[in-house]
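In what follows, a single structure is set out as structure tokens and then discussed.
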DNA sequence: AAGCGTTATTGACTTAAATCAAGCATTAGT
DNA sequence: ACTAATGCTTGATTTAAGTCAATAACGCTT
């Protein structure tokens, strides 16, 4: 069936593993990739501790990854958007290191690690892109560390919005207006803030005319002012 | 000269890239690796923005990596011990993403990225270990995120000491007694705490008999109690 | 369209850690 | 060995953000 989804016609290809592969090479990659059944909101994609046999690439929708602390509380460590690849942090010992849950209806591709490794021996571009994607995640994670350690609640939230905005832009979506698929509590958890603080700062940013927030919908009215607030 | 340092006789080989390579394969890896000139305390290994042509493996000593914030302040994002490989976060665009500075006299190996990539096409074990090491770093970074976001100053510092202890153990050094090559200010910066808070908590842990601290020297007296304090 | 559970907002109060300030200790350099 | 500089500790005070509490607004499900 030609209507099936393929890397060759996937709009996220430039962010995902096919980046820099030739059409023929992309076709090769495509043969090892399967579509995963669609997830509904709250469905778990992977459990922490589960054997890691596949990486997952997000086609549409979004997810959050979290670990559990000693009292069973969530510690959100990532939000995944289309084009993101999930599972790299488990390659160290072949186990997923976190729970990953859909925030809305979500479509995914399933990439068998075994075949991916074999193919990467053959394709230098794929090898390079694998390292690039992991490196990017590592860099993002370390940058976030710096941000959280050294910035106020307002700076963290401004940074969160600016980062989301630019991620949407990369994905060909509007960077000015977007929907927060996660709750305020999720945002707070991710940024190390209480829900109340997130809420208060959002209303304050709105009063200052920097953003307009209507429930889950965010409009960035003055990107440059918002960016200035991250520093 | 046979007294030269080689991967084949390096005590850090099990943590570093040679892990899981056969003696012959390790020898191949060794041929592309150069020794770097020794660094003295405060010497910079790399500057942020500098072209990334080599990864660096720590042979002995230690370093810190940091970025600069908008006011020129350090944001420490990593401490590197022997066996660690430095530079992975720059593969995304071929630039180092942080400053890396020696905390004491430090010996390093220099690994040309170009040759490493070529060799990894040939050696599946090397490919795997590259991904493992990056994955481990990614996991550590995300775990730290969770720790900092959701834990008190005491929990953060206890976690820091426990983590350091287990890293020293992995390296065949004492996990009970070790030297902090970084200053209290560095620790605070890394954990998102003020120097004063770090100092106060260390004295408090000492009064409680969990650790004994004499300037830079730390003795962990009751590891299990310290571990309990991280939760 | 009504009603219930979840999610978000807002206000009053508390607290953990930052900041400010001063003195002490260790290290490095002449 | 002596001095300067850097690093560390301890105490007093302030403050940003957390907690507690109450209400309001969504958004499912029937």
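Of the residues making up the stretch B:183-205, those that are more than 8 Å from DNA strand D (Cβ to nearest atom) and in contact with a strand residue (DSSP E or B) (Cβ under 8 Å, 6 or more places away or on another chain) number 3.
Have a look at B:29, B:63, B:108 and point out the one that is within 27 Å of residue B:128 (Cα to Cα), within 16 Å of DNA strand C (Cβ to nearest atom), surrounded by 22 or more Cβ atoms within 10 Å (Cβ to Cβ) and away from chain A (no Cβ under 14 Å).
Values: B:29 fails: within 16 Å of DNA strand C (Cβ to nearest atom); B:108 fails: within 16 Å of DNA strand C (Cβ to nearest atom).
Just one listed residue meets the conditions, B:63.
Check the stretch A:158-170 and report whether any residue there is within 11 Å of DNA strand D (Cβ to nearest atom), in contact with a helix residue (DSSP H, G or I) (Cβ under 7 Å, 6 or more places away or on another chain) and within 14 Å of chain B (Cβ to nearest Cβ). Write out each step before concluding.
Narrowing the stretch A:158-170 to residues within 11 Å of DNA strand D (Cβ to nearest atom): none.
No.
There is no residue in the stretch B:150-157 that is within 16 Å of DNA strand D (Cβ to nearest atom), part of a helix (DSSP H, G or I), touching a residue at least 60 places away in the same chain (Cβ under 8 Å) and under 20 Å from the mean Cα position of the chain (by Cα).
Condition test on residue B:124, is it away from DNA strand C (no atom under 16 Å from the Cβ) and more than 14 Å from chain A (Cβ to nearest Cβ)? For residue B:124, the condition - away from DNA strand C (no atom under 16 Å from the Cβ) and more than 14 Å from chain A (Cβ to nearest Cβ) - is not met.
Going residue by residue through the stretch A:173-182, is there one that turns out to be farther than 26 Å from residue A:10 by Cα, without any contact (Cβ under 8 Å) to a residue 60 or more places away in the chain and either within 14 Å of chain B (Cβ to nearest Cβ) or within 12 Å of DNA strand D (Cβ to nearest atom) (or both)?
Kept after step one, since they are farther than 26 Å from residue A:10 by Cα, are these residues of the stretch A:173-182: none.
No: the stretch A:173-182 contains no residue that is farther than 26 Å from residue A:10 by Cα, without any contact (Cβ under 8 Å) to a residue 60 or more places away in the chain and either within 14 Å of chain B (Cβ to nearest Cβ) or within 12 Å of DNA strand D (Cβ to nearest atom) (or both).
Taking the criterion of being in a helix (DSSP H, G or I) and closer than 29 Å to residue B:73 by Cβ, the residues of the stretch A:171-195 that qualify are A:187, A:188, A:189, A:190, A:191.
Just so you know, all these numbers are worked out from the coordinates, no wet-lab data involved. Since the model is a prediction, treat every value here as computed from it, not as a measurement. Don't worry about glycine lacking a Cβ; one is built from the backbone with ideal geometry, like all the others, and counts go over all protein chains shown.
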